[in-house]
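Presented below is the structure to which this report refers.
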Amino acid sequence: MRAATELGLRTVAIYSKEDRLSLHRFKADEAYQIGEGKGPVQAYLDVDGIVALAKEKGIDAIHPGYGFLSENPALPSACERAGITFVGPSARLLELLGDKTAARALAQKAGIPVVPGTEKPVTSAEKATALADKIGLPLIIKAAFGGGGRGMRVVERRSDFVARLEEARREAEGAFGNDAVFLERYIRRARHVEVQILGDRHGNLLHLHERDCSVQRRHQKVVEVAPAVGLANSIRRDLADAALRLGRAAGYENAATVESLVDPQTDDWYFI
């Protein structure tokens, strides 16, 4: 909103009833409540309501922020139908990369190593348990359609698996409107290193180097350090190269973060 004001653009905020006193409401030039009668999360997942309000108010572009609808292809698709610019990747790219298991498959196709895990979202608890036994403990359960640390649970003991699975599913459903989860081997004390890429609609793609995001709380990043301190130059180059290969394989446009784990014991790295 500050940047838009500096550019002479008017901003419009939406808020749930529970967020009626939130700062963003008062920083925008206009603000409107959405999701009447819905919970605070479901209000922000109401694609039809958001786009209908945008059309009513003559909105030119929608910025999704983070979480909620930022990785949901339903919003850019609805924006395209309504003639509204979506500030973010296309629906095609979100369908390809918003599903973490599909992104893993694309990475493997591009020759990029991934953490051992399930190829598709897990369904029944019985099948999930069998897959967990195959992967081995410790493992981590992750939301297939989301991020920001939501819908994630680490499992250290087999007896805890089903309970953690249901917890992750409920949180994923509440945060992203989709309870699909998948499994990955959990690497203890791994370094979380990200590479920022930027692509345009003319086929140009570049990386903006790496940052270390290992300092986290509840799987949410607290501190980001750039460049990553103490990272071997060979790994630094490999991560940047892999990020570009993944972006090219996807035909990526816009900005994106390519996330990787570096095993401190072996210096092996994996796309996540």
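Identify the trypsin sites (Lys or Arg not before Pro) of the stretch 176-238 meeting these criteria: DSSP loop state and at most 12 other C-beta atoms within 10 Å of the C-beta. Working shown, then result.
On the way: sites: ARG185, ARG188, ARG189, ARG191, ARG201, ARG211, ARG217, ARG218, LYS221, ARG236, ARG237; in loops: ARG188, ARG189, ARG201, ARG218.
Passing sites in the stretch 176-238 are ARG188, ARG189, ARG201, ARG218.
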Just to confirm a number: summing +1 for Lys and Arg and -1 for Asp and Glu over residues other than ASN204 whose beta-carbon lies under 14 angstrom from that of ASN204, what do you get? 0
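Could you list CYS213, CYS79 in order of exposure, starting from the residue whose Cβ has the fewest other Cβ atoms within 10 Å? Each step should come with its number before you reach the end.
Working: CYS213 20, CYS79 23.
Least to most surrounded, the residues fall as CYS213, CYS79.
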Whole-Hz Karplus couplings 3J(HN,Hα) for the stretch 137-146, θ = phi - 60° and coefficients 6.51, -1.76, 1.60, Gly and Pro as x, run 9, x, 9, 10, 9, 10, 5, 6, 10, x
List the lysines whose alpha-carbon lies under 30 Å from that of LYS142, not counting same-chain residues fewer than 8 positions away? LYS17, LYS38, LYS100, LYS109, LYS120, LYS127, LYS134, LYS221
Cleavage-rule hits, GluC sites (Glu not before Pro), the stretch 1-42, DSSP coil, Cβ neighbours within 10 Å at most 16: GLU36
Using Cα centres only, tell me the gap between the stretch 118-182 and the stretch 1-70 in whole Å. 31 Å
Along the dipole axis of the stretch 1-61 (charges at Cβ: +1 for Lys and Arg, -1 for Asp and Glu; origin at the Cα centre), the most positive-end residue among LEU21, ILE59, GLY8 is LEU21
Quick one: work out Rg over Rh on the C-alpha atoms of the chain, Rh as Kirkwood radius. 0.98
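Rounded to the nearest 20 Debye, what is the dipole magnitude of the chain about its Cα centre when Lys and Arg each give +1 and Asp and Glu each give -1 at the C-beta?
Numbers: 38 positive and 37 negative charges, 75 e Å.
Dipole of the chain, to the nearest 20 debye: 360 debye.
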Taking Lys and Arg as +1 and Asp and Glu as -1, residues besides GLY151 with C-beta under 10 Å from its C-beta add up to +1
Counting other C-beta atoms within 10 Å, and keeping those with at most 14, which DSSP coil chymotrypsin sites (Phe, Trp or Tyr not before Pro) do you find in the stretch 4-111? TYR66
Within the P(r) computed for the stretch 125-185, what percentage of the Cα pairs occupies the region above 15 Å? 40 percent
Among ALA255, VAL193, ALA243, flag the residue with its Cα farthest along the positive direction of the charge dipole of the stretch 149-272, charges on Cβ as +1 for Lys/Arg and -1 for Asp/Glu. VAL193
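Excluding PRO113 itself, calculate the net charge of residues whose Cβ lies under 14 Å from the Cβ of PRO113, where each Lys or Arg counts +1 and each Asp or Glu counts -1.
Details: positive: ARG104, LYS109, ARG185, ARG245; negative: GLU184, ASP238, ASP241, GLU259, ASP263, ASP267, ASP268.
Cβ neighbours under 14 Å give a net charge of -3.
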Would you calculate the convex hull of the Cα atoms in the stretch 2-88 and tell me its volume per residue in Å³? 94 Å³
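Rg to Rh ratio, the stretch 87-166, alpha-carbon atoms and Kirkwood radius? Present the calculation step by step, with values, prior to reporting the outcome.
Details: Rg = 13.8 Å, Rh = 13.8 Å.
Ratio value, two decimals: 1.00.
Dipole size in debye (nearest 20) for the stretch 10-90 around its Cα centre, Lys and Arg Cβ +1, Asp and Glu Cβ -1?
Values: 9 positive and 11 negative charges, 33 e Å.
Charge dipole of the stretch 10-90: 160 debye, to the nearest 20.
Each reported figure results from applying straightforward, stated rules to the coordinates on display, with no laboratory input. These numbers were taken from a predicted model, which means no experiment stands behind them. As a convention, Cβ positions derive from the backbone with ideal geometry for all residues, glycine included, and neighbour counts pool all protein chains shown.
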